[in-house]
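The values are calculated or read from the model by the stated rules, or taken from the named source; none is laboratory data. Being a predicted model, the structure only gives us computed values, none of them experimental. All Cβ positions, even for glycine, are placed from backbone atoms using ideal geometry, and neighbour counts span all protein chains on display. Areas reflect the complete protein model, heavy atoms only, side chains present, ligands, DNA and RNA absent. Shrake-Rupley method; radii C 1.70, N 1.55, O 1.52, S 1.80 Å.
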Amino acid sequence: MEKIENYWKLSFGSDVLGVVFTKDNKIFRGIRPQKEEYVRELLSGGLINELMQKEMIPETIISKFYSDEFNLILQHKKIPIILEPKYWSFSMLKDAAIHILHVNQIANKHGKQLIDAHPWNITFFQNKPIFIDFGSFVPYTKETANGFLLEYKRLLASLLLMNCCDVYFGRKIIYDGESFYLRTQPAQTIENTMTYSNAVSYFKEYHRKHSSPKLNLMISNVFDKNIFEPEYISQIFSYPVQKSAWGNYQLNFYNSLKNNKKNNEQYIRFQRIIQLCKKYADGAQSSIDLAGNSGGFLYLLSKEIPMNFYLSIDYDEKAIEEGYIFFKEHPTKVDLALHNFTASYQPVTKADAVFALAITHHLLLAQNIQIDTIFSQIKQYANKYVFIEFMPLGLWGGEEVLPEIPEWYNEHWFEKNFKKYFSLLHKEQLEKNRIIFVGKIK
């Protein structure tokens with residue numbers, strides 16, 4: 001008889017089938033006694049096996065132990081990182097919406113229905129959406145199907161607004177669905193809100209003038225007839241063209257890789273840092289690149305050092321979007337997350353090796369963030385090692401005239417503060433304006 005601890009609080013009230021908990025670094029779900037027969041039928045009915053074979057859900061098996069509370073306990077394959085919707089770019093949200101429809105279509109084929117259509121039941125791992133809520137599968141009825149479609153409209157509303165007119169509010173629906181209704185009280189449905197109806201009108205009118213009859217028919221099917229097909233969602237929504245400070249920063253790097261050119265400065269520098277990682281972070285099983293743009297560094301690292309996960313974090317959505325699109329065409333184990341690591345005291349996750357390359361000078365000199373804040377935030381992400389670059393010439397970008405830098409901003413000052421948080425293992429000048437500090441968590 002096993003004693004169960006480490007319950008997931010959210011599963012107590014929201015999971016009708018059971019309660020999720022962790023044990024020995026593994027994920028389990030204790031099935032409520034009144035749901036045992038249904039879950040056994042679900043596992044033997046073909047639905048779960050089909051979804052697992054297509055890698056649309058985590059591998060799920062009946063575990064070998066039970067407890068006072070549960071006679072039937074399932075074990076789910078653990079996903080190393082859980083990326084919530086707030087960390088996704090536009091195309092990730094779109095692919096999640098398509099994935100939900102695919103999972104539901106397979107469920108319908110087996111006489112089942114998803115009771116939930118919200119994106120919080122999806123995570124991404126190695127740039128592929130995975131449905132992670134086993135408790136969402138219920139017997140198919142008209143009522144459950146209609147409930148699913150009603151909730152799916154909220155997801156579509158987010159995509160619509162992000163696509164055509166209001167990125168901020170489109171994201172707000174994902175973070176806090178109630179805010180959508182609070183803005184337009186007393187309307188109680190998405191279709192009745194002025195924000196949504198105006199966005200639909202704008203969207204339709206634009207495509208009426210610029211798109212093919214086939215695409216316009218798909219748009220009409222979705223917004224007039226509530227016919228939600230993966231093909232429709234895939235084709236009617238496209239990433240909106242956006243300008244950003246760093247969105248194209250690594251495009252030349254990726255283009256060089258496509259053309260098998262490995263002699264550019266960025267590639268050579270990345271290779272040297274990888275060598276240092278092999279030497280000073282031997283045995284590291286996970287990595288995070290803070291302000292990693294489109295994930296270029298970890299893309300190279302993943303090809304040379306095997307780890308459980310690689311996560312590149314950046315707050316520029318276009319950079320995340322460009323990286324995600326590149327990785328879909330060039331499969332990699334690197335994941336991407338849209339996040340400002342200096343603005344949140346809750347890390348996305350932690351890793352053995354954390355990199356902060358070509359970022360501290362921007363934070364210190366352009367954003368006036370204190371060095372203690374920067375190092376303490378970086379330390380939150382690291383289990384063992386850090387690799388942090390210092391730019392002695394500040395915001396210099398190769399111009400003939402060097403920029404003015406404050407008197408306090410110098411290598412000695414940086415190292416002194418670095419040692420307050422990390423043990424210095426190695427220091428090396430990589431380029432004229434790049435010094436790498438390798439440290440270990442104190």
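Tabulated data for the structure shown
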{"read-out": "Residue match in region 272-286 (condition: within 18 Å of the chain's Cα centre (by Cα), surrounded by 15 or more Cβ atoms within 10 Å (Cβ to Cβ), closer than 22 Å to S158 by Cβ and touching a residue at least 12 places away in the same chain (Cβ under 8 Å))", "value": "no"}
{"read-out": "Test: K64 is farther than 30 Å from I325 by Cα, of a type outside the set (V, I, T), open to solvent by 20 Å² or more (accessible area, probe 1.4 Å) and touching a Leu at 6+ places or on another chain (Cβ under 6 Å)", "value": "no"}
{"read-out": "The lone exception for W88 - which of (1) closer than 20 Å to L311 by Cα; (2) open to solvent by 10 Å² or more (accessible area, probe 1.4 Å) it fails", "value": "(2)"}
{"read-out": "Answer residue from region 295-310, given it is over 13 Å from Q275 (Cα atoms) and in a loop (DSSP other than H, G, I, E, B) and is least open to solvent (accessible area, probe 1.4 Å) among those", "value": "G295"}
{"read-out": "Answer from I369, I436 - the residue that is open to solvent by less than 30 Å² (accessible area, probe 1.4 Å) and among the aliphatic types (A, V, I, L, M)", "value": "I436"}
{"read-out": "Filter pass, S234 being of a type in the set (S, T, N, Q), under 25 Å from the mean Cα position of the chain (by Cα), surrounded by 14 or more Cβ atoms within 10 Å (Cβ to Cβ) and within 28 Å of L430 (Cα to Cα)", "value": "no"}
{"read-out": "Sole exception among (1) open to solvent by less than 10 Å² (accessible area, probe 1.4 Å); (2) acidic (D, E); (3) closer than 22 Å to L83 by Cα for E389, by number", "value": "(3)"}
{"read-out": "Every residue from region 317-347 that is in contact with a strand residue (DSSP E or B) (Cβ under 8 Å, 6 or more places away or on another chain) and under 17 Å from I369 (Cβ atoms)", "value": "H339, F341"}
{"read-out": "Subset of region 410-433 that is outside any helix (DSSP H, G or I) and more than 14 Å from Y385 (Cα to Cα) - its residue that is most open to solvent (accessible area, probe 1.4 Å)", "value": "K432"}
{"read-out": "Meets criteria (open to solvent by 10 Å² or more (accessible area, probe 1.4 Å), of a type in the set (A, V, I, L, M) and under 23 Å from I374 (Cα atoms)) for A291", "value": "yes"}
{"read-out": "D282, sole failed condition from (1) assigned to a helix (DSSP H, G or I); (2) more than 18 Å from E84 (Cα to Cα)", "value": "(1)"}
{"read-out": "Residue match in region 356-366 (condition: within 25 Å of N308 (Cβ to Cβ) and outside any loop (DSSP other than H, G, I, E, B))", "value": "yes"}
{"read-out": "Residue pairs meeting the criteria (Cβ under 6 Å; at least 6 apart or on separate chains; first closer than 13 Å to S376 by Cβ, in region 326-348; second open to solvent by 50 Å² or more (accessible area, probe 1.4 Å) and modelled with pLDDT of 90 or more)", "value": "P347/Q380"}
{"read-out": "Residue list for region 328-351, filter: open to solvent by less than 20 Å² (accessible area, probe 1.4 Å) and outside any loop (DSSP other than H, G, I, E, B)", "value": "V334, D335, L336, A337, A351"}
{"read-out": "Residue list for region 203-257, filter: hydroxyl-bearing (S, T, Y) and either touching a Cys at 6+ places or on another chain (Cβ under 6 Å) or outside any helix (DSSP H, G or I) (or both)", "value": "S211, S212, S238, Y239, S244, Y249"}
{"read-out": "Hits in region 122-169 (condition: in contact with a strand residue (DSSP E or B) (Cβ under 6 Å, 6 or more places away or on another chain), open to solvent by 40 Å² or more (accessible area, probe 1.4 Å) and either farther than 29 Å from H76 by Cβ or among the aliphatic types (A, V, I, L, M) (or both))", "value": "I132"}
